[in-house]
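The values are calculated or read from the model by the stated rules, or taken from the named source; none is laboratory data. Source: prediction; values computed, not measured. Here the Cβ is made from the backbone with ideal geometry for all residues, glycine too, and neighbour counts use every protein chain on show.
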Amino acid sequence: MKKFLCILLITFLALSVIGCGAKQEAPKKEEPAKINYPTKPIEIIVPYAAGGGQDVTSRLTAKYMVKYLPEGAKVIVSNINAGGGVAGATAIALAKPDGYQIGALVPFQLTDQFIMKGIPYNENSFYPIAFCSSDGNFVVVRKDLGVKNMEEFIALAKQKPGEITMGMGGAWNVHDFLRLKLEQATGAQFQRMPFNGGALALAAVAGGNADSASQSISEALAAMEAGQVIALAVTDPERTPLAPEIPTLKESGIDLVHAQWRAFTVPPETPQEIKDILNEVFKKVFNDPEWIAEAKKAGLNPIYIGGQEAVDFYNSDFTVYKNLINKLGIQPQ
């Protein structure tokens, strides 16, 4: 019996040694499934009419997005231009957070809440994926207004306070704030004429139905070259190479620089993986030499800000405009 127990013990110890020496394989980790995106067309929502600066930017961007998305992907542009941009911004804010509806925004969708009553969105309704440009404006006038430069234009406005009309592609956007800054800087007073998009404001000046307008460079170039309107000044710090004969406001004796950014956004609840995919696509688009060349030709000032830097820039610029509105005492109407 003792001999049997000894043999059993020796066998057990031998098997234990063999077991300890065997290489133990770690359990394999399952990699998370890669998201299948996009599987249907991506829609860029533009809150303004076709032909305006935001529309031009979006269509150019859509053209290049398909270059960097998976083969067969489609990107379409939809214009929702009612309410001076409010209807389109509302659609962007209420979009399903799945990456298939992207918003084309400018700063003034963020400030609508301070200007108009009943706005269903605020700065927290949008998540900035990437910024693509920071653009100045032209001050343009109708051909028969009888002025050749900003000095004469301001003098005329002072002679007729509140009578000279200034068109703008939406209420309280970059153009409205330019009008307000011009009034503060010069003492002139204009009659504001909001339109549903810059293209309509430009058409009003070209047709003699508005005396003047603030227009993005991309909006105004063709009409200027065709002699339909007269550009008096550009609001950039320096003259634009697209129209080097047009002086800056500073050169015209008005100490003022004014520009707006253009960005693409998604709802904040959009999955981070989709945000990352879109950011990579936009990064490639906005650094593409061909996109940059076409953007400049269209009158845009190309930039690229993405990732966390885009979020920080977005929050910082919102604070600047919020403080300006509070300082001016503007109340929702």
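Does Lys63 satisfy the condition of being charged (D, E, K, R), in a loop (DSSP other than H, G, I, E, B) and more than 14 Å from the chain's Cα centre (by Cα)?
no
Of all residues in region 194-241, count the ones that are over 23 Å from the mean Cα position of the chain (by Cα) and at negative phi.
19
Which residues, taken from region 134-167, are closer than 16 Å to Asn209 by Cα and either part of a helix (DSSP H, G or I) or among the hydroxyl-bearing types (Ser, Thr, Tyr) (or both)?
The answer is Lys143, Asp144, Leu145, Thr165.
Mind checking which residues of region 181-194 are in contact (Cβ under 8 Å) with a residue 40 or more places away in the chain and either of a type in the set (S, T, N, Q) or under 25 Å from Gly51 (Cα atoms) (or both)?
Thr186, Pro194
If I ask for residues that are closer than 25 Å to Ser133 by Cβ, in contact with a Gly (Cβ under 7 Å, 6 or more places away or on another chain) and either hydroxyl-bearing (Ser, Thr, Tyr) or not in a loop (DSSP other than H, G, I, E, B) (or both), which ones from region 168-199 would you list?
His175, Pro194, Gly198, Ala199
Can you tell me which residue among Ala49, Ala95, Ala89 is under 15 Å from Asn196 (Cα atoms), hydrophobic (A, V, I, L, M, F, W, C) and assigned to a loop (DSSP other than H, G, I, E, B)?
It is Ala49.
Each row is one residue, and each column tells you yes or no for (1) at pLDDT below 95; (2) touching a Phe, Trp or Tyr at 6+ places or on another chain (Cβ under 8 Å); (3) surrounded by fewer than 18 Cβ atoms within 10 Å (Cβ to Cβ); (4) charged (D, E, K, R).
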| site | (1), (2), (3), (4) |
| --- | --- |
| Pro161 | no, no, yes, no |
| Gln228 | no, no, yes, no |
| Glu238 | yes, no, yes, yes |
| Glu269 | no, no, yes, yes |
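For every residue, the table says whether it meets (1) in contact with a helix residue (DSSP H, G or I) (Cβ under 6 Å, 6 or more places away or on another chain); (2) without any contact (Cβ under 8 Å) to a residue 24 or more places away in the chain; (3) outside the structural domain of Ala295 (by TED's automatic domain parsing); (4) over 15 Å from Val205 (Cβ atoms).
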site	(1), (2), (3), (4)
Ala130	yes, no, no, yes
Arg142	yes, no, yes, no
Leu145	no, no, yes, no
Phe153	no, no, yes, no
Gln159	no, yes, yes, yes
Thr165	no, no, yes, no
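Evaluate the following for Ile246: is it outside the structural domain of Glu152 (by TED's automatic domain parsing) and of a type in the set (A, V, I, L, M)?
Here the answer is yes, as Ile246 does meet what is asked.
For region 110-130, give me each residue that is in a helix (DSSP H, G or I) and within 13 Å of Asn315 (Cβ to Cβ).
Leu110, Glu123, Asn124
Just name the residue that is farthest from Gly253 (Cα to Cα) out of those in region 175-204 that are among the aliphatic types (A, V, I, L, M) and in contact with a helix residue (DSSP H, G or I) (Cβ under 6 Å, 6 or more places away or on another chain).
Among them, the one singled out is Leu202.
Residues to consider are Ile303, Ile292, Ile274; find the one that is surrounded by fewer than 22 Cβ atoms within 10 Å (Cβ to Cβ), of a type outside the set (S, T, N, Q) and part of a strand (DSSP E or B).
Answer to the selection: Ile303.
Residues are listed down the side, and each one gets a yes or a no for (1) under 17 Å from Leu178 (Cα atoms); (2) in contact with a Cys (Cβ under 7 Å, 6 or more places away or on another chain); (3) among the hydroxyl-bearing types (Ser, Thr, Tyr):
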| position | (1), (2), (3) |
| --- | --- |
| Pro237 | yes, no, no |
| Pro244 | no, no, no |
| Pro247 | yes, no, no |
| Lys283 | no, no, no |
| Gly299 | no, no, no |
| Pro302 | no, yes, no |
| Lys322 | yes, no, no |
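Within region 125-159, take every residue that is of a type in the set (S, T, N, Q) and under 33 Å from the mean Cα position of the chain (by Cα) and give me the one that is farthest from Gln109 (Cα to Cα).
Here the residue is Asn149.
Within the group Thr90, Thr61, which residue is assigned by TED's automatic domain parsing to the domain that holds Asp317, in contact (Cβ under 8 Å) with a residue 40 or more places away in the chain and touching a Phe, Trp or Tyr at 6+ places or on another chain (Cβ under 9 Å)?
Just a single option satisfies the conditions, and that option is Thr61.
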